[in-house]
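Every number in this text was worked out from the coordinates using simple rules, so none of it is lab data. Quick caveat: nothing in here was measured; it's all calculated off a predicted structure. With ideal geometry, Cβ positions are generated from the backbone for all residues, glycine too; neighbour counts draw on all protein chains shown.
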Amino acid sequence: MSNPLGRVRRSGRGRVRLEIALLSGPATIVFLAFVVFPVVLAAYYGFYRWHGYGAPTDWVGLNNYRLILTDPAFRQVLRHSFMIMVLSLVIQGPLAIALALLLNQKVRGRSVIRVLIFVPYVISEVVVGTGWSLMLQSNGALNDLLRHSGLGFLQADWLSDPKLAIWTLLAIISWKYIGFAVILMLAGLQSIPDELFEAAQIDGASYWQIQRRITLPLLGPTIRIWAFLSIIGSLQLFDLVYIIWGPYVSGTAGTSTMAIYMVAQGRNAANYGYGSAIAVVMFLITLIVALIYQRFVLRRDLRGAVTEGRT
Amino acid sequence: MSATAGAGYWVRRGVDPDAPLEPAGRPHGRQRQKWTQPFVYFVALLFIGVCVAPVLYVVAGGFRTNAQITTSPAALPHPWVTGNYAGVLRSTTFWGEFANSVIVALASTVGIVVLGLMVSFVLARYDFRLKGAMYSLFAAGLMFPLVIAITPLYIVVKDLGLVDNLLGVIVPQIAFGLPMTVIILVPFLRAIPNEIEEAAAIDGASRLGFFFRMVLPLSVPGVVTVSILAFIGSWNNYVLPLYVLNSQADFTLPLGVQAFSSQYSTDTAKVLAFTSLAMLPALVFFSIFERRIVGGLTGAVKG
């Protein structure tokens, strides 16, 4: 940053340091105290059996971690979390790209469309969960609708059938978050210069060739950032499952996630040592996934746009 | 067009968010319009229907009686009854929770914007040794959403004596809101040309004077985006209030919706009415500032 000469002479280094401290101090302190410190604290409490009162005294070493990693329930929630992570990408990604390509054309009422597809994203998980669980009850609106439209044979126990429940959850997740994905993709499409399409067209490229050779590669950075946000969101999924199924039913319905396991085993059982250890495990899993993703996927965004187009 | 690729693009998008979003008709689109147009409208309508119908069902359900809902769960209100909504609007529980949600959301938003703007200004326009590390620290915060940290975070809040205190929700929300704010605001503040800062210095303004007289007014669009995201995030937050607020008097609306729906689990119509009223403020807030959010997200992707 260029420092205007006149100013340096007048204010001096001490004053600049003071400004930096005053301006960045409050945010840094709050961030360290409530984001970084709890993670450090969790690493400490994770070595104890501790019920949340007084100082922890019952040192159990790595026992909490051994229990987590050998608990079949944890392996189950881990499987669910990763299944939700992968399937969210597979279901929402192509659908969002296709919808964005379609909606990127000159259609009347674009701004209204943008607002309406964003509505599910703006509504809170609690409201979404409450609404959907009422609609999906076995005597709820969806089954009623199927019955009256002659599709009665499709009626099902959407929430409690263990074979179906995780797919119901994925459908609700897709419903809630796909608007966000489409808006991101649309924003990405807008930033591709028109000249590229014109040039390709003059060169005689067909519509599909243009999409495949120009649009998709140039949309790459947007897709990869969306995928990153989606992955992080999936790994921490909690609200929807907790509202619709609750901590115990989600276990039998096959929809429990890592965060549900943490809340049920930690807070609800008042085992804060064990809960902290689960938090550390979740933290590490998220960190590893994020680092792998950044190392192998996001890194390509740092290279030039030329190498980008050839992928 | 090439100028739009840089950070300056973001400022323009922020100032006039709608302009670049309406393209002057893509050539490849125009040619294909003849037969694609009806298809596009059909898919768009279908998509909108899928997105909005469940929400409308919840709102309409609040205008029905329980008898109507039991006999025909998927039908429209017939006749429309307003008793459920009137009942909720008369209840002190709803308004108490509404007030708590407003206090928490406003305080969190102000905190996030003030602290975020200050630290973003430093990261964007000062030179010092730890700058890179500091930026990475805040950016890394994006990887760790509140849910993952909730167990140890609750212990910290409890040790500070902030359980059953709205501050116990507000302060952690500010902390967890900072990463997104920094990511959005830093490229924004960096895009303010150096010439403006130099001109201000020549005119005798200190860097802080420059901050208050030039940076604040110029960063209004970015600040609006950040504020909306912060407000809606706070309005919808569930897991932190679930841990921190235990007595009904302190509940925010998400906790209220859940408590209400388990307390009146047989009175479906009333639950639907309560739920609709709880989501209304976030929806209104969003539809007023919709352009800013869409513009801001574009900035976040590029930044």
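Once you order the gyration tensor axes a ≥ b ≥ c over the Cα atoms, which shape class does region A:63-309 get: rounded for a/c under 1.5, otherwise prolate or oblate by comparing a/b with b/c? Oblate. Sequence-distant contacts, meaning Cα pairs under 8 Å at least 6 residues apart, place the relative contact order of region B:135-225 at 31 percent. For region A:81-215, a/c is not less than 1.5, where a ≥ b ≥ c are the root eigenvalues of the C-alpha gyration tensor, and a/b tops b/c. That puts it in the prolate class.
For the pair region A:87-142 and region A:48-74, the centres of their Cα atoms are 41 angstrom apart. Here the Karplus curve 6.51 cos²θ - 1.76 cosθ + 1.60, taken at θ = phi - 60°, turns the phi angles of region B:93-110 into couplings of 4, 4, 5, x, 5, 4, 4, 4, 4, 5, 4, 4, 5, 5, 5, 5, 5, 4 Hz, with x standing for Gly and Pro. Averaged over peptide A:40-47, the number of partner chain Cβ atoms lying within 10 Å of each residue's Cβ comes to 3.
Between region B:177-234 and region B:58-81, the C-alpha centres lie 49 angstrom from each other. Using a/c under 1.5 as the rounded threshold, could you call region A:11-91 rounded, prolate or oblate? The axes a ≥ b ≥ c are square roots of the C-alpha gyration tensor eigenvalues, and prolate needs a/b larger than b/c, oblate otherwise. Oblate, because a/c is 1.5 or more while a/b does not exceed b/c. Estimated from helical segments only, the mean residue ellipticity of chain A at 222 nm is -22500 deg cm²/dmol, where each DSSP H run of four or more residues counts as -39500 (n - 2.57). Rounded to the nearest Hz, the phi-derived 3J(HN,Hα) couplings of region A:39-46 under the Karplus curve 6.51 cos²θ - 1.76 cosθ + 1.60 (θ = phi - 60°) are 5, 5, 4, 4, 4, 6, 5, x, where x marks glycine and proline. Taking only alpha carbon atoms, region A:20-152 gives an Rg to Rh ratio of 1.14, where Rh is the Kirkwood radius. Amide H to amide H, with H built 1.01 Å from N, A:TYR48 comes under 5 Å of A:VAL60, counting only residues 5 or more places away or on other chains. Between amide H atoms placed 1.01 Å from N, distances below 5 Å from A:THR257 occur with no residue 5 or more places distant or on a separate chain.
Projected onto its three principal axes, the C-alpha set of the protein assembly as shown covers 77, 74, 50 Å, listed from the longest axis down.
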